[in-house]
Structure formats: C-alpha cells, structure tokens
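Here's the structure we're looking at; comments come further down.
Please treat every number below as a calculation from the coordinates, not as lab data. Because the structure is predicted, anything quoted here is derived from the model rather than measured. A quick note on method: Cβ atoms are made from the backbone with ideal geometry, for glycine too, and the neighbour counts reach across all protein chains shown.
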Amino acid sequence: MNDSILLGFSVALDPMNLLAVLAGCLLGVVVGVLPGLGPITTISILLPFTYAMEPTTAIILLAGIYAGVMYGGTVTSVLLKLPGEAASVVTAIDGYEMARKGRAGPALGISAIGSFIGATVALIALTFFAPALAELAVKLGPPEYAMLALLGLLLIAYLGAGAFAKAVVAAAIGLFLATVGLDPISGDARFVGDSLQLLDGMDVVAVVLGLFGIGEVLFSLRERDSEAELVSKKVGRVWPTKKDLSDSAAPIARGSVIGTLVGLVPGGGGLLSSLLSYGAERRFAKNPEEFGKGAIQGVAGPETANNASSTSSFIPLLSLGIPFNVTISLLFSVLLINGITPGPRLVTENPDLFWGVIASMYLGNVVLLILSLPLVGLLIQILRVDMAVLSPFIIVLSLVGVYTIDNNTWNMWVALFFGVVGYFMRIWGFPPGPLVLAFILGGLLETSLRQSLLLGDEGFLVFLQRPGSLALIAVSVLLIGASTFSAVRKRRAQTGAAEESIHVGS
C-alpha cells in the first residue's frame with residue numbers, strides 16, 4: 001500500500017498533472033459561482049478538449065473541476081440564495097439567512113473547512129476501500145455486471161429529480177440511443193436508416209455536451225432571476241469564531257460519514273447527501289427552531305456531506321467500472337475515449353492512473369482550502385457577470401470543442417439537436433441525467449446481458465443460478481416494490497385528505 005501511495009504522489013507531482021490540479025480547482029470554483037454552470041455542464045463542455053491530454057492528466061483536471069464546483073456553488077447560495085449547482089440548494093436555506101445577518105464570511109469559511117474535512121474522510125475511504133472492492137469485483141462475471149448495471153439505472157431513475165415515471169422514460173430513451181449503430185455481436189446495422197454517420201453510433205461527447213452544455217445554458221437563460229441581489233458586496237471576516245467551530249464540529253463529523261456512505265449508493269449525489277445531513281442536524285440540534293433562520297449547523301453539515309459524497313463516488317467508478325451518478329459517468333466516458341476501461345483490473349493494469357488520480361485529489365483538496373478563502377472577494381465580482389453575456393461564448397466554445405473530435409460537422413449538429421432536446425426535457429420535467437447514464441451504460445448492459453445468455457442453455461435462468469446476480473435481482477425487486485408501495489400510500493393519503501376537506505366544507 002505504501003509503495004502504491006508513493007507511486008500515486010510521484011504521478012500527481014508531475015508538472016503537467018500538478019498544473020491540471022491547480023487549473024481544475026481554480027476553474028471549478030469560478031464556474032461553480034455562475035448559476036446554471038454546474039459540474040455536469042462544465043465537464044461536458046471540456047470533454048472534447050481532453051482528447052489531446054494524457055488520460056491521467058485529463059481525469060485529474062476534471063476531478064479538480066468537480067471538487068471546485070462543489071465549493072463554488074456555495075458562494076451564490078449564501079450571497080444570492082441562488083445555488084450555483086444542485087447540491088448547494090440545502091446550503092442556501094441557512095447560509096443566506098446568515099448572510100442577511102452580516103455573517104456571510106463565517107458561512108463561507110465553515111463551508112470551506114467542512115468541505116476539506118469531508119473530502120479528506122472520503123479520500124481515506126477511497127484509498128483503502130477501492131482496491132479491496134476491485135479485488136472482489138474481479139470475481140464478478142457477465143451476469144453480475146448486467147444486473148449491477150440494471151440496478152444502477154433503476155436507482156438513478158428512482159433517486160433522480162422529478163417524477164419516477166419521467167425518469168424511467170428518460171432512461172429508456174437513453175438505452176434506445178445506445179443501440180443505434182452496429183450490433184456488438186453480429187455486426188448488423190441498427191436504426192441507422194441511410195446515414196453512414198450513424199453506423200458508429202452517436203458520439204457520447206456530442207450527446208452529453210448537447211444535453212448538459214447547450215441545453216443547460218438555454219434553460220438557465222429562461223430561468224434567470226432578475227430580482228436576485230447580492231446581500232453583501234463585502235464579506236468581511238471569513239474565518240469562523242471559536243463558537244462557530246465548536247457548534248460545527250459534530251455536524252461536520254456526521255456530514256463526513258453521511259456523505260461518504262451516500263456516494264457509494266447508485267444515484268446518491270451531493271443533493272441527496274446534503275438533504276440527509278440537513279435532516280440529521282435538525283434531529284440532533286438542541287434548538288431545531290433555529291434552522292431556516294441562520295443556523296451554522298445547517299451550513300456545515302450539508303456542505304461537508306456533499307463534498308464527501310462527490311469524492312466517495314469515485315470508489316465504484318475506479319473499482320467496479322460502474323458510474324453511480326451522472327457527473328461520474330462523464331469521467332467514465334473520458335477513460336473509455338482514451339482506451340482505458342475502468343473496473344477491477346484498473347488497479348493492476350493502470351496503477352499509475354489509479355493511484356495518481358487518488359493522490360491528485362489529496363493535493364486538490366488542500367489547494368481548494370487555500371484558494372477558497374482568499375478568493376471570496378474575487379468571486380463576488382464574478383457574480384455580477386450576466387449569463388446573457390456568457391451564454392453565446394459558451395455555446396460557440398461547445399460547438400468548436402465537439403467539432404475537434406474528428407473535424408466533422410456531424411457531431412455539431414448532433415450536439416445542437418440534443419441541446420434543444422435537453423432544453424425541452426427540463427421544461428417538461430424530464431431529468432436528462434438518467435438518459436445520459438443509460439446511454440453510457442447501455443453498451444455494457446447489452447454486452448453483459450448477451451454474454452450471460454450465451455454462457456449456457458439455461459436462458460434467463462442463469463441470473464437466478466449465481467448468488468451475486470440473484471442478490472442484485474432481489475434488491476431491484478425490493479426497490480420497485482418499495483416505490484410502488486410509497487406511490488400507493490401517497491395517493492391514498494391525498495385521496496383521504498381531499499375527502500376530508502369535502503366533508504368539512506359540506
């Protein structure tokens with residue numbers, strides 16, 4: 001283990017990789033401040049530009065952006081009550097109230113400290129748990145991978161934002177798009193019509209960049225809140241007081257554990273971990289009535305949890321080769337584009353990448369703590385930039401980037417098409433996340449499923465004959481059952497409430 005960690009730091013301290021850490025963290029913090037440009041949008045826009053990089057450098061850069069955005073979104077949550085990304089929604093509840101009371105500095109300071117501690121705890125788990133999980137995953141076969149991919153899709157749809165039915169529809173569309181092109185087994189053309197461009201399938205970068213890059217920018221223009229104003233143009237003292245640190249110690253500890261565990265759950269992202277942490281802090285608080293009125297515990301716990309979950313979500317990616325949330329699925333696609341398959345053999349076949357990424361995340365965590373506090377004044381100035389000014393530049397940059405994939409205008413049209421699709425999906429309440437994840441995992445799911453059916457003459461019974469796949473099927477059935485039961489109970493409660501109101505009215 002010691003030799004592996006030393007190998008990782010030797011890779012992370014390479015000048016180009018170290019520059020990638022610094023650039024990724026700085027860019028992430030800056031982008032996180034701009035509402036509408038979260039980690040998914042930013043990584044989508046930068047995907048084409050990682051083609052010219054070494055795989056390790058590309059992942060280090062994008063991982064730094066991911067971590068930086070998680071903190072950057074806190075600034076707008078506290079000062080504008082306008083989350084820079086989804087996971088900061090919970091922070092806005094008490095962070096904004098603290099800012100209104102002239103305590104924006106301590107709110108941002110405790111966020112930085114909690115983010116550092118939460119990410120460090122998750123990194124320790126990543127260092128020791130990911131290699132062990134990879135050794136176990138080597139024993140998995142096609143049936144287990146097929147059921148694991150299916151379970152991931154179900155949980156992503158179940159835990160995603162919006163209605164469950166709409167999330168399932170979005171995932172189904174993603175699975176369909178994954179079948180476009182040549183059959184991986186027989187080589188037959190599927191759903192290509194007369195287009196030669198579609199024989200290779202749809203480029204994942206063009207689809208992702210369209211849905212999350214162009215689509216999100218268009219939607220953010222529609223949703224601009226012209227009434228949002230800065231609570232304070234000067235933050236003042238950023239470092240929390242001794243009482244603030246004392247009040248935040250337990251929430252940060254609980255948030256670290258909650259976030260680390262949630263990151264290991266398919267579909268468990270920053271928003272879910274923040275919500276769970278906020279609920280836990282209200283339960284443990286001596287004065288729960290202070291929550292929603294500027295309780296620092298309501299900032300410390302959720303901010304710690306969302307950064308811990310964003311870090312621990314790398315564990316299933318690097319050890320199982322299964323991305324458990326949309327942002328991680330984009331990093332998954334970067335590795336695939338560079339000819340590297342994330343999974344159990346990554347530790348042995350590409351140890352420099354595996355341990356280099358982990359070591360770079362330790363360095364990036366320190367860099368973020370150093371940068372985040374002094375940069376608050378600069379970030380406030382960035383808040384004054386109108387998205388209407390940035391949007392045309394972002395869209396042009398996206399199209400230039402997708403063109404550089406193979407110097408073909410086809411991918412530009414694909415990106416524009418999915419940009420419009422992503423815009424209307426957001427308007428109509430269909431989450432684009434399940435679609436992208438299903439599109440990326442569709443190939444793995446189909447290949448594993450068909451390989452499983454070729455293992456013997458038992459057909460689908462092969463999934464019931466192996467303990468691993470049988471256990472995953474049981475979890476999937478329980479998930480569907482729980483979802484159905486919850487929906488039925490909610491409908492009955494609504495019906496009962498409606499009948500009671502009618503009775504009272506009469």
Query raised in the report: Residues with beta-carbon under 14 Å from that of ARG254, excluding ARG254: net charge, scoring Lys, Arg +1 and Asp, Glu -1?
Result: -1
Report task. Using Cα pairs closer than 8 Å and at least 6 residues apart in sequence, work out the relative contact order for the chain, in percent. Result -> 28 percent
Query raised in the report: Can you give me the Cα centroid spacing of region 106-135 and region 279-331 in angstrom?
Result: 11 Å
Query raised in the report: Plugging the Kirkwood radius over Cα pairs into Stokes-Einstein for region 2-465, at a temperature of 37 °C and a viscosity of 0.692 mPa s, what D comes out in µm²/s?
Result: 147 µm²/s
Query raised in the report: Too long at a 18 Å Cα-Cα cut-off: which of LYS101/LYS243; LYS293/LYS490; LYS242/LYS293?
Result: LYS293/LYS490; LYS242/LYS293
**Report entry** Cut-off under 5 Å, modelled amide H: who pairs with ALA189 long-range
**Finding:** ASP183
